[in-house]
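Here's the structure we're looking at; comments come further down.
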Amino acid sequence: MLSMKAWCVMLLVLWVSACAVQPVDTEISDQDLIDSESSLLTGVPAADNLLQQGESARQRGEYGAAVNHLERGIRMAPRSPALYLALAKTRLAMGEYGSAAQMAQRTVSLLPAAPRGAEQTAKAEAWIVIAQSREKQGDTAGAANARANAQAVW
Amino acid sequence: MPAKRSTPRSGGSPKSSAKPKPRKSPARPAATKKRSRNTAPPRRRLGALVWKLGLVFGLLGLLGVIYLDAVITHHFEGKRWSIPAKVYARPLELYDGMPLTEAQLAFELSLLNYRHVFDTPLSGTFSTATGGYEIVSRGFDFWEGAEPSQRVRFRLRGGRVTGLDSGSQGAAIVRLEPPLIGGIYPAHNEDRVLVKLDQVPQQLLQALLAVEDRDFFEHFGLSFKGIARAFYTNITAGEVRQGGSTLTQQLVKNFYLSSERSLTRKGVEAVMAVLLDFHYEKTEILEAYLNEVYLGQAGKRAIHGVGLGSLYYFGVPLRELTTEQIALLVGVIKGPSWYDPRRNPERALERRNQVLQIMLQQGVLDQRAYDQVINKPLGVIKKPLYEDARYPAFLELMKRQLRKDYRDEDLRSEGLRIFTTLDPWAQESLEQAAQQQIRNLQSGYGKSLQDLEVAGLFTSSNTGEVVAVVGGKAVRYEGFNRALDAYRPIGSLAKPAVYLAALEGGAHLGTLLQDEPLQHVLPNGSVWSPKNFEKESHGEVPMVVALAQSYNQATARLALSVGIDKVVDVMARLGLQDKPLPRVPALSLGAVSLSPYEVTRMYQTIATEGFATPLRTIRSVLTAEGEPLQRYEFEVEQRFNAADIYMLTYAMQETVRSGTGKSTQKWLSPDLQLAGKTGTSDEQRDSWFAGFSGNYLGVVWMGIDSNQPTPLTGASGALPVWANTMASLPQVPLQAAQPENVEWVWVDPARQARTSAHCDNALYLPLRSDTVPEDKVSCNAGGRVLNWFKRLIR
C-alpha cells in the first residue's frame, strides 16, 4: 500500500507527463481519494478556506463537520467544482455511494468539456468517485464506463 | 402581594387599556374553624377530644406538607418549562469579495438591532467613523460549535466587501448571529429564552432584589421583615404600594398555583415557599424565577423570563442591557400590562425612574451613575424584533418540512433551535416588489383588480435553498398561503417541458415548427384547436423562436409529434413525480394546475442543469443545549442529460433577450444572461413568470382567488415582481458550463443544414453533437424564415 504522499507524487508525475503516458492508472483506492486534497481552487479565498477546512475534517474522519464546511463554501462559490468534488469524496467516505456518485456527476457537469491542469485532475477524480461508488452498488458495467471516462480525461 | 400574570401586581389603580382582570377582593377564609358544640363537657373528655382533634389535624397537615413537598420536588427537578422551538434565518457571512450593498448591510444590522456608535464599538454595535465599517459581532453557537464575538473591519466597494480584517490568519470569514424569525409555541403560548444565572448581568440581579425581595439571601422562603415593611409602607401611603411576597413565593405561585386569590392559597403558597427554600439553593430559585417571570404579551404569545424580555423590549441579549434598560425590565415585573412601555410609555418611564431611585437608595447605583441615566429615554425598540408573524409564508413551508421529521409536541416543548435558509434581504425584496406591483396595477386598472393577489418563491438557484416566500399581498397574514396552496393553471410555463422532450428525442433548436392553426380530434370526439395569444400565425419558425415568442400553435404541434406521454414524463422528472398529470394535449400549453411551489421545483431542476435538487428550508436543527441533532443535507440527482438542459436554457435566455420576457431589461442588465419564461392562462386569469440567473431562481404568480379574468399577461403582471426582486439581489451572470456533447454551430433553419457565420439566415445555436446536420450549405437568400427573422431581430 502506497502512502498518500507517494500517491500524490505519482499522480503529479502522471499529470506532468499526461499527454505522453497512456493509459493512466485510474485504480485509486477509496482511502487515497478520501485522503487527497484538491489542487483546484474556488476563486473565492473564503470558500478556499472552507474547502481546506472541509478536506482536513474529512481526513480526520469528521464527516459531519466536513459536509458542513463544504456546504458553507458552496454558498459562497455555488458553481465551484472543487467544492462539489470534495463533497462527493466525503459522501464516499461516509459510505453514501448513491449520493457520492450524484455529487461527482454534478462536479463533472460544472467542469469544462476540455479541462486543463487542476480541472483535469478534478474531472478524472470525479469519474473515479463515480466508478468506485457504482462498484460498491454492484453496477460493474457502469463502473467500467466511468473508469473509461476518467481515462479519457487525459 | 404576589405577582399576577397580566395584571399589575400591586400599587396604583390597575385600569390599563389592556383590560386587566378585575381584582377579586381576597376571599374570606373558606371554612371557619369548628367550635365544640358541647356546652359543659367533663374536663377529661374535652381534653381527650382536643388531643385527638389536634392529632388528626396535625396528621392531615403533615400529609399535606408531604404532598406539597412531592409536588415541589417533582416539578422543580423535572422539565420545568415547555420551551418553544426557535427558528432562525440564515446568518450573514462576511468575507472578501462577498456581494453586499450599503442598503442590505444597513437592513441586516437593523434586523439584528446593532447600534450605530461613534466611538470604538463593543459587542452588538458598529461604527462607520473610519470611512469603512467596524462591526463587533455578538457571537453565537452554530452547528459546528460556538463562534465567539469578533471585531471586523471592512469596506464596501462596487457592491462587494473588500479589505476584510478580523485579526485572524488567512481568508477571514465572520458570521453575524442569525436573526430570530419565529417560534413554534406550546398550547399555552408561553414563550421564553432560557438563561443561566451567570449570563444575567450583576446589576439586573441587584436591581431585582432591591425592588422585589431585599432579604432574599437571608430569609427562609418567607420574609416577615418584608411583610412588615410592605405593611408599613402601605399604611403610611394609604394605598397598596408594596407587596410583601418574597421571590420564592412569587415563583411558587406562578409555578404551581392558580391565580386564585384566597387565604387558603396564600397559606399553601407560604408552606410551599418554605419547602422550596429548604430543598434548593437560593441561586437555583433565583435562576428559576428569572426564567419564569411574566414580562409582557405579544398577541397570543406570553413573554416569560428576562432572556426573552430583553429581546422583546430592547432587541438585544441580556448582557448588552444598559442600566436604564435593566431598571425598566425590573420595573415592568410589577405589572407588564399596566407598565407596558410601548403602550403606556409615560407610566413606564415613571416606574423605571422609581426603580432607579430604589437602586440608588439601596446602593446598587451611586449618585453619579444615577444622574447619568435618570434622564435617558426608555430605549425600547419600536417593534419587537422577535415577531413570530413576520414571515408567515416561509415559516409555514418550513413547518411542513419539519413535521415530516419531528413530532409536534417536541417542536413545541423541547427548545429546539432550527436554522433555516431564509434570506431576510431577499424576503424583504420580494415582499416590496410584490406589494409595489399590486399598487401599480391597482392604480392603473382600478376596481377590476381590487382583489388581485400575488405569490412567489425564490431560491438559491444552485442549491435549492429557499430564500424567500410570499403567500399573498398581505405578507404578514398567517392565512391562505398561495405559494403553497393555490393551484392554478400554469399556461406557457409548461412549454419548456415540451421543448425538452423534443430535444431529448433528437430535435434541435433550429428544427422548424409549423406555427399554423390546427384541429386535433380528441378521443372523446371533441376538437382541440389552440390559438396564439395575438391570434396570428407565423408560418415556419425554428424551435428557439417558437419558445422565445411562446407560440401556442407551434408548441401544440410539437407536443403532438413528440407525444404527450413524453411531455408528462419530462414534467415528472423535472420535479412533479408525485403529481397526477392529465395526459391530454392541452397539458403542453399549461392545462394543469400547479402551486408556485411545484412550479419552482420544476424550474429548479432546469436551473441546476438537469439535476433535481430538493427545495430546502432547513439547514440544521440543534437541541436546546446546542447539541447537533439533524442536518438537512444538500442532495442532487441527475434527471436529464446536461446537453439537453443546456440547449433548453439557451432558448429560455433567448426568451429574456428577445422574446416575451424582454421587458426584464428595464430592471436587469442583459449581461446577466437571464433565462426565463412567461406564462398566461386562458382569459388571462393567471399571470406567471419563472426565471433564473447564475445564483437565484424565482417564480411569481399573480391572479384573483375567485379566478376572475384579468387584463394581465405574464409579462405585465408577474414579470415586474420577479425582475424587481432580482434587481435588488446581488446577481451572478448565468454561464452554464458547455457540456462535452454540445457544439455551437451556424445553422440555416430553412435548409436544415450547417452554414457560414456571415450568412443572413444563419442562426448560431448550441446543438447536441448527434443532432448536428451533416450537410453544409453556402449562403442562400430568401425563405420565410429569413424574412421572419429580419422582422424579428433587425
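The values are calculated or read from the model by the stated rules, or taken from the named source; none is laboratory data. Keep in mind it's a predicted model, so treat the numbers as computed, not measured. Note that each Cβ is placed from the backbone with ideal geometry, even for glycine, and that neighbours are counted across all protein chains shown.
Quick notes on this one:
- Test: residue in region B:635-642 that is within 14 Å of another protein chain (Cβ to nearest Cβ) and assigned to a helix (DSSP H, G or I): yes
- Members of region B:141-174 found to be within 14 Å of chain A (Cβ to nearest Cβ) and more than 26 Å from the chain's Cα centre (by Cα), listed by number: B:Val152, B:Phe154, B:Thr162, B:Gly163, B:Leu164, B:Asp165, B:Ser166, B:Ser168, B:Gln169, B:Gly170, B:Ala171, B:Ala172
- Candidate set from region A:107-123 (those that are assigned to a helix (DSSP H, G or I) and within 14 Å of chain B (Cβ to nearest Cβ)); member that is farthest from A:Leu70 (Cα to Cα): A:Gln120
- Selection within region B:126-166 - acidic (Asp, Glu) and in a strand (DSSP E or B): B:Glu134, B:Asp141, B:Glu147, B:Asp165
- One residue stands out in region A:37-50 among those that are in contact (Cβ under 8 Å) with a residue 60 or more places away in the chain and not small (Gly, Ala, Ser): the one that is nearest to the other protein chains (Cβ to nearest Cβ), namely A:Leu41.
- Single residue of B:Leu349, B:Leu329, B:Leu360 found to be over 29 Å from B:Lys86 (Cβ atoms), of a type in the set (A, V, I, L, M), in contact (Cβ under 8 Å) with a residue 24 or more places away in the chain and not in a loop (DSSP other than H, G, I, E, B): B:Leu349
- For region B:700-749, filtered to residues that are of a type in the set (Val, Ile, Thr) and over 25 Å from B:Gln665 (Cβ atoms), the residue that is surrounded by the most Cβ atoms within 10 Å (Cβ to Cβ) is B:Val747.
- The sole residue among B:Thr420, B:Thr459 that is within 23 Å of B:Tyr114 (Cβ to Cβ) and in contact with a strand residue (DSSP E or B) (Cβ under 8 Å, 6 or more places away or on another chain) is B:Thr420.
- Residues satisfying the stated conditions in region B:96-124, i.e. among the hydroxyl-bearing types (Ser, Thr, Tyr) and at pLDDT 90 or above: B:Thr101, B:Ser110, B:Tyr114
- A count restricted to region A:98-154 and to residues that are more than 21 Å from B:Thr608 (Cα to Cα) and in contact with a Pro (Cβ under 9 Å, 6 or more places away or on another chain) stands at 5.
- For region B:655-667, a tally of residues being crowded, with 21+ Cβ neighbours inside 10 Å and of a type outside the set (S, T, N, Q) returns 3.
- If you go through region A:51-95 and keep only what is at the interface with chain B (Cβ under 9 Å from one of its Cβ atoms) and outside any helix (DSSP H, G or I), you end up with A:Pro78, A:Arg79.
- From B:Leu792, B:Leu734, residue being modelled with pLDDT of 95 or more and not charged (D, E, K, R): B:Leu734
- Any chance B:Arg229 is surrounded by fewer than 20 Cβ atoms within 10 Å (Cβ to Cβ), touching a residue at least 12 places away in the same chain (Cβ under 8 Å), farther than 22 Å from B:Tyr312 by Cα and more than 14 Å from chain A (Cβ to nearest Cβ): yes
- Subset of region A:125-149 that is small (Gly, Ala, Ser) and buried (at least 24 other Cβ atoms within 10 Å of the Cβ) - its residue that is farthest from the other protein chains (Cβ to nearest Cβ): A:Ala131
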